[in-house]
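J.: Please see the structure below; I have some questions.
The values are calculated or read from the model by the stated rules, or taken from the named source; none is laboratory data. All figures in this text were calculated on a predicted structure; none of them were measured in a lab. Here Cβ is always computed from backbone atoms with ideal geometry, including for glycine, and neighbour counts include all displayed protein chains.
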Amino acid sequence: MDALVRLLQLLLLLLTLPLHLLVLLGFWQPLCKTFFPYLMAVLTAKSNQKMKEKKQELFGQIKVLAEASGDVSLLELGCGTGANFQFYPPGCRITCLDPNPHFEKFLAKSMSENEHLKYEQFVEAPGEDMRQLADGSMDAVVCTLVLCSVQSPKKVLQEVQRVLRPGGIFFFWEHVAEPRGSWAFMWQRVVEPTWKHIADGCYLTRETWKDLESCQFSKLQITRQPPPFKWAPIGPHIMGMAVK
Ligand SMILES: C[S@@+](CC[C@H](N)C(=O)[O-])C[C@H]1O[C@@H](n2cnc3c(N)ncnc32)[C@H](O)[C@@H]1O
């Protein structure tokens, strides 16, 4: 099976040679960082339609974190276009964090469409190093479709635990690997070395639930979901919450 995967990977690499050459010459990354936000703006609008009820259900639970004042300090990790803002309850004070500043135009649009929230700051940084944010400063951290793209999911989850206050909640929705040994998993492995360049560093075969399970959260709830788009090589999704 491994030999077949390598052969098919090579075939796909040859078919997409110009892309891989651009990557090697260092031209692709800046190009991708610029166009990816446009792609995400289209895709998130569509995926929000399909995921509306699930996201409402998940983010509806943010209300339990509100203090007497009704305020919730919430970090949106890998905020992208701000696709989740519409699902947050009034009174949330949002800190946005993303290493790609090219999302700014789309983020500003989402902010202007969601005036029921307070926007505190935008931090341009990777989730692996959120040193601008103090320990225990967040009631909630939200991360959707991000852990597939980060350099180190483990480091990001350590940082999430650091910035959450005790009792704070991490909400997530992530795509993950198909079951090992399945044909779908084999195709994910074939496509991944090319896909990760097209989709701004996105890995298809991450078993993110394992990273979550190995963290020291006091409570972890994970549900498995089918992908919102059947045509993409992106596999099943996991959705849930983890309490610090
Ligand atoms: C597929 S988009 C998802 C955006 C948004 N969370 C959503 O659900 O629409 C992935 C996002 O993760 C961001 N990202 C990539 N690497 C990251 C990292 N190391 N730390 C934090 N965010 C990262 C990207 O810039 C992008 O905004």
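J.: Every residue in the stretch 21-47 that is buried (at least 16 other Cβ atoms within 10 Å of the Cβ) and within 13 Å of the ligand (Cβ to nearest atom), please.
T.: Within the stretch 21-47, 32, 33, 36, 37, 40, 41, 43, 44, 47 meet the criteria.
J.: Consider residue 62 carefully, then state whether it is within 14 Å of the ligand (Cβ to nearest atom), touching a residue at least 12 places away in the same chain (Cβ under 8 Å) and of a type in the set (A, V, I, L, M, F, W, C).
T.: No.
J.: Please count how many residues of the stretch 177-220 are part of a helix (DSSP H, G or I) and closer than 24 Å to residue 24 by Cβ.
T.: The qualifying residues number 11.
J.: If I ask for residues that are within 10 Å of the ligand (Cβ to nearest atom) and in a loop (DSSP other than H, G, I, E, B), which ones from the stretch 93-117 would you list?
T.: Listed by number, the residues that qualify are 98, 99, 100.
J.: Taking the criterion of being touching a Lys or Arg at 6+ places or on another chain (Cβ under 6 Å) and surrounded by fewer than 16 Cβ atoms within 10 Å (Cβ to Cβ), would at least one residue in the stretch 230-240 satisfy it?
T.: yes
J.: Take the stretch 197-210 and flag every residue that is under 30 Å from residue 101 (Cβ atoms) and within 14 Å of the chain's Cα centre (by Cα).
T.: Scanning the stretch 197-210 gives 199, 200, 201, 202, 203, 204, 206, 208.
J.: Out of 174, 159, 120, report the one residue that is outside any strand (DSSP E or B), acidic (Asp, Glu) and either over 20 Å from residue 216 (Cα atoms) or within 15 Å of the ligand (Cβ to nearest atom) (or both).
T.: After applying the criteria, what remains is 159.
J.: Next up: Does the stretch 3-13 include one or more residues that are within 30 Å of residue 225 (Cα to Cα) and either assigned to a loop (DSSP other than H, G, I, E, B) or acidic (Asp, Glu) (or both)? Break it down stepwise before answering.
T.: Quick first cut of the stretch 3-13, residues within 30 Å of residue 225 (Cα to Cα) only: 4-6, 8-9, 12.
Narrowing further to those that are either assigned to a loop (DSSP other than H, G, I, E, B) or acidic (Asp, Glu) (or both): none.
There is no residue in the stretch 3-13 that is within 30 Å of residue 225 (Cα to Cα) and either assigned to a loop (DSSP other than H, G, I, E, B) or acidic (Asp, Glu) (or both).
J.: How many residues are under 17 Å from residue 126 (Cβ atoms) and either away from the ligand (no atom under 13 Å from the Cβ) or at pLDDT below 95 (or both) if we restrict to the stretch 79-92?
T.: Residues flagged as under 17 Å from residue 126 (Cβ atoms) and either away from the ligand (no atom under 13 Å from the Cβ) or at pLDDT below 95 (or both) within the stretch 79-92 amount to 0.
J.: So, one more: Cβ-Cβ distance below 6 Å, separation of 6 or more or different chains: which pairs start in the stretch 160-174 with a residue that is free of Cβ contacts under 8 Å to residues at least 40 places away in the same chain and end on one that is not aromatic (Phe, Trp, Tyr)?
T.: From the stretch 160-174, the pairs are 162/135.
J.: Still on this model: Among (1) free of Cβ contacts under 8 Å to residues at least 60 places away in the same chain; (2) in a strand (DSSP E or B); (3) more than 13 Å from the ligand (Cβ to nearest atom); (4) within 24 Å of residue 239 (Cβ to Cβ), there is one condition residue 140 misses while meeting the rest; what is its number?
T.: (1)
Conditions tested, residue by residue: (1) over 30 Å from residue 18 (Cα atoms); (2) modelled with pLDDT under 95; (3) in contact with a strand residue (DSSP E or B) (Cβ under 9 Å, 6 or more places away or on another chain).
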site	(1), (2), (3)
141	yes, no, yes
149	no, no, no
175	no, no, yes
194	no, no, no
213	yes, no, yes
223	yes, no, yes
243	yes, no, yes
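J.: Under 8 Å by Cβ, and 6 or more places apart or on different chains, what pairs join a residue from the stretch 207-227 that is exposed (fewer than 11 other Cβ atoms within 10 Å of the Cβ) with one that is part of a loop (DSSP other than H, G, I, E, B)?
T.: Here the result reads 218/244; 226/236, each pair linking the stretch 207-227 to a residue that is part of a loop (DSSP other than H, G, I, E, B).
J.: Identify, from the list 52, 63, the residue that is surrounded by fewer than 16 Cβ atoms within 10 Å (Cβ to Cβ) and out of contact with any helix residue (DSSP H, G or I) (no Cβ under 9 Å at 6 or more places or on another chain).
T.: When all the criteria are applied, what remains is 63.
J.: Determine whether residue 165 is basic (Lys, Arg) and assigned to a strand (DSSP E or B).
T.: Judged against the criteria, residue 165 is a match.
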